[in-house]
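These notes concern the structure reproduced below.
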Amino acid sequence: MTGRRLHIILSPETDQLLARAIKTGGATRTAVVEAALRETLDRKGEERELEKLGARMNKLARAMERLADDATAQTESFALFILHYLSVTPPLPESMRAGAEALGRKRFEQFVTEVSARLLGRDRYTDALLARIDLVRSGGEEFDNEIADAAVGAPDEGSDADALNDDRNHARTSTREARP
């Protein structure tokens, strides 16, 4: 390599750093010093680093916005569910409680299984829901109608949910008849 010879004096700490860089990088002293000087003195390199940092910050900002949208949708959905459940569900008579609790435990296990499957997979109901209400742009891709329909659809006929609903309707009717 032809170039201008430069004589410099390094502190012992800097000399140790240079020696370590040569051992780990497998380069010559000249190559390491030249690369370090270029990186330090080349403004274009600094601009590229700033561009990379800016792109990374934009990506993180979009991720934070998505998390905020997810949290908002989850909180609102949960609050509406609790409000609905508490306003339409009458207390069960003692004779029906044991069966309802057993059914509740079974349904809860099904719920946990479904949530686990969704967390481990790529299908997210939140994405479909947010795209459906146009809170988040779907990127031109159609969301999975099957997932959305399954999440908002009615339970199958003859299911445990129907039996519980029949029990609830019976309890409501009994409660209304018992009122003066």
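The values are calculated or read from the model by the stated rules, or taken from the named source; none is laboratory data. Nothing here was measured: the structure is a model prediction, and the numbers come from that model. So basically every Cβ, Gly included, is an ideal-geometry build from the backbone, and we count neighbours across all protein chains shown.
On inspection, Leu129 passes the criterion of being part of a helix (DSSP H, G or I), at pLDDT below 85 and surrounded by 11 or more Cβ atoms within 10 Å (Cβ to Cβ).
Answer yes if at least one residue in segment 87-95 is assigned to a helix (DSSP H, G or I), out of contact with any Cys (no Cβ under 8 Å at 6 or more places or on another chain) and within 30 Å of Thr126 (Cβ to Cβ), and no otherwise. Checked against the condition, which is being assigned to a helix (DSSP H, G or I), out of contact with any Cys (no Cβ under 8 Å at 6 or more places or on another chain) and within 30 Å of Thr126 (Cβ to Cβ), segment 87-95 yields at least one hit.
Working only within segment 36-59, note down all residues that are of a type in the set (Gly, Ala, Ser) and farther than 15 Å from Thr14 by Cβ. Residues satisfying the conditions are Gly45, Gly54, Ala55.
Condition check ((1) among the small types (Gly, Ala, Ser); (2) touching a residue at least 12 places away in the same chain (Cβ under 8 Å); (3) out of contact with any helix residue (DSSP H, G or I) (no Cβ under 9 Å at 6 or more places or on another chain)) across all residues:
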{"site": "Arg5", "(1), (2), (3)": "no, no, yes"}
{"site": "Leu18", "(1), (2), (3)": "no, yes, no"}
{"site": "Gly45", "(1), (2), (3)": "yes, no, no"}
{"site": "Arg56", "(1), (2), (3)": "no, no, yes"}
{"site": "Glu65", "(1), (2), (3)": "no, no, yes"}
{"site": "Ala71", "(1), (2), (3)": "yes, no, yes"}
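Condition check for Arg97 on (1) basic (Lys, Arg); (2) within 30 Å of Ala128 (Cα to Cα); (3) in the same structural domain as Leu130 (by TED's automatic domain parsing): one failure, at (2). Which of the residues that make up segment 8-26 are modelled with pLDDT of 85 or more, surrounded by fewer than 11 Cβ atoms within 10 Å (Cβ to Cβ) and part of a loop (DSSP other than H, G, I, E, B)? Listed by number, the residues that qualify are Ile8, Ile9, Ser11.
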